[in-house]
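Undergrad: Below is one structure. I have some questions about it.
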Amino acid sequence: MSPNLLSSRSVARNKHELFDEVLAVILKSGKDGVFQTEICKEFCLDSRDGSRLAGNLEKQSLIHREKVLYKGRWTYKLIMKKPSLAETRKKRRVQITSVEGAPCLSCVYQHSCSSEDEMTQYSPSRCSWLEEWVVTSFDKIVMTGSEESPVNEPIEKETS
């Protein structure tokens, strides 16, 4: 078993904690990644649940999976995705007011939400909470007459 995994068997209290703990283990494994079967053993998941969890992480572009032969069986190596070169070289200053009150930040369905499949109930295109927030935010902009967005600030180069 990989030394990056937690020393004792982990039991997450809920889905979101499990998601975060698994992501932390994958992040800790670095560029070497961790085998999906090891994640399943460590977090007491059956292969179906482990596969769904890894698929969800991949769908959200947090990790990528490489199919490998491990101990005579096919499994996936889960590796954290690297941010794009453009993202690491540029830094945008964004004021918190641009996302203030956004329902996504505290939504219990955040980990299930995806814009890739608009037919699921957890799609931003079908979310009534998001729609209500956008309309309310737009109304505030119209009433104040301010069209200036706090997101459109100049891009700065990151100083190292």
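Undergrad: ³J(HN,Hα) across the range 39-55 via Karplus (A = 6.51, B = -1.76, C = 1.60, θ = phi - 60°), whole Hz, x for Gly/Pro?
TA: The phi angles translate into 4, 4, 5, 4, 9, 6, 10, 7, 4, 5, 5, x, 5, 5, 4, 5, x Hz.
Undergrad: Right, something else. Taking amide H positions as placed in the peptide plane 1.01 Å from N, state which residues far from residue 35 in sequence (5 or more) or on other chains have amide H under 5 Å from it.
TA: Residues meeting the criterion, in which the H sits 1.01 Å from N, are 78.
Undergrad: If amide hydrogens are placed 1.01 Å from N in the peptide plane, which non-local residues have theirs closer than 5 Å to the one on residue 68?
TA: Hits under the 5 Å cutoff: 75, 76, 77.
Undergrad: Okay, moving on. Residue 81's amide H: which non-local residues (gap 5+, or another chain) put their own amide H closer than 5 Å, with H modeled 1.01 Å from N in plane and none for Pro or chain starts?
TA: The answer is 63, 64.
Undergrad: Per-residue HN-Hα couplings for the range 134-140, Karplus 6.51 cos²θ - 1.76 cosθ + 1.60 at θ = phi - 60°, whole Hz, x for Gly and Pro?
TA: So the Karplus estimates, Gly and Pro as x, are 5, 4, 4, 5, 5, 4, 5 Hz.
Undergrad: What size of dipole, in debye to the nearest 20, comes out for the range 15-80 about its Cα centre when the only charges are +1 on Lys and Arg C-beta atoms and -1 on Asp and Glu C-beta atoms?
TA: Around 300 debye, computed over the range 15-80.
Coordinate-derived values only; no laboratory data. Note that this is a predicted model, so its numbers are computed, not measured. With ideal geometry, Cβ positions are generated from the backbone for all residues, glycine too; neighbour counts draw on all protein chains shown.
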